[in-house]
């Protein structure tokens, strides 16, 4: 079975289970690292009641809706594993992982990115892209980091940033960068881990 067909089939099997728990399917990845890894992301359903203003999800981010619990992820995993086994859809060894998208959530469509305008993103491309700069030859890259400036019908627009080894974020003087969605291999929110400052040495002063 082709990978895109397998993804649609797995999502089709998962959606009724998720809906019964008032959840929704955020997305699905199929990875290969020695064996097949099926990574399914479950999120709160858009119809779920909003959380209080100060609520924080289990992933540590401020959440508008309740985040799926570990028990709910395990329940979906059990039902889905059984369905895959009964239907005999996969003829090789695989590992099934069910979790929430978390803070550094992967995006599976441009529509999913629209609520995150102004936030930092990391985007990996199939083919390298360089910003358009008249009269200047800039090096194309497959990996871009930047603030999400806009989400168009077929592309996203970043304000490129540089991230230092210490976790400092500074804008790159490159202008806006338009990245066609068809060229995006993976896009996710960027969480910066700042390196803690080293304690300074204390010197004794003599009088």
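The values are calculated or read from the model by the stated rules, or taken from the named source; none is laboratory data. Computed from a predicted structure; not experimentally measured. Ideal geometry is used to build each Cβ from the backbone, glycine not excepted, and the neighbour counts take in all protein chains shown.
Out of everything in segment 133-150 that is touching a strand residue (DSSP E or B) at 6+ places or on another chain (Cβ under 8 Å) and either closer than 30 Å to residue 69 by Cβ or surrounded by fewer than 17 Cβ atoms within 10 Å (Cβ to Cβ) (or both), what residue ends up being modelled with the lowest pLDDT? The extreme case among them is 140. Among the residues of segment 109-126, just one is surrounded by 17 or more Cβ atoms within 10 Å (Cβ to Cβ) and under 24 Å from residue 34 (Cα atoms), namely 125.
Once segment 79-105 is narrowed to residues that are over 19 Å from the mean Cα position of the chain (by Cα) and surrounded by 13 or more Cβ atoms within 10 Å (Cβ to Cβ), the residue that is modelled with the lowest pLDDT is 89. Taking segment 101-115 as the range and being touching a strand residue (DSSP E or B) at 6+ places or on another chain (Cβ under 6 Å) and not in a strand (DSSP E or B) as the test, the residues that pass are 101, 104, 105, 107, 108, 110, 113, 114.
Restricting to segment 142-185, give me the number of residues that are under 14 Å from residue 110 (Cβ atoms) and in a strand (DSSP E or B).
Our first condition is that a residue be under 14 Å from residue 110 (Cβ atoms); within segment 142-185, this holds for 148-158, 178-184.
Keeping just the survivors that are in a strand (DSSP E or B) gives 148-151, 155-158, 178-180, 184.
The number of residues fulfilling the criteria is 12.
Please work out which residue is modelled with the lowest pLDDT, limiting yourself to segment 21-54 and to residues that are part of a loop (DSSP other than H, G, I, E, B) and under 19 Å from the mean Cα position of the chain (by Cα). My answer is 46.
For residue 57, which of the numbered conditions (1) modelled with pLDDT under 85; (2) surrounded by fewer than 18 Cβ atoms within 10 Å (Cβ to Cβ) fails to hold? The failed condition is (2).
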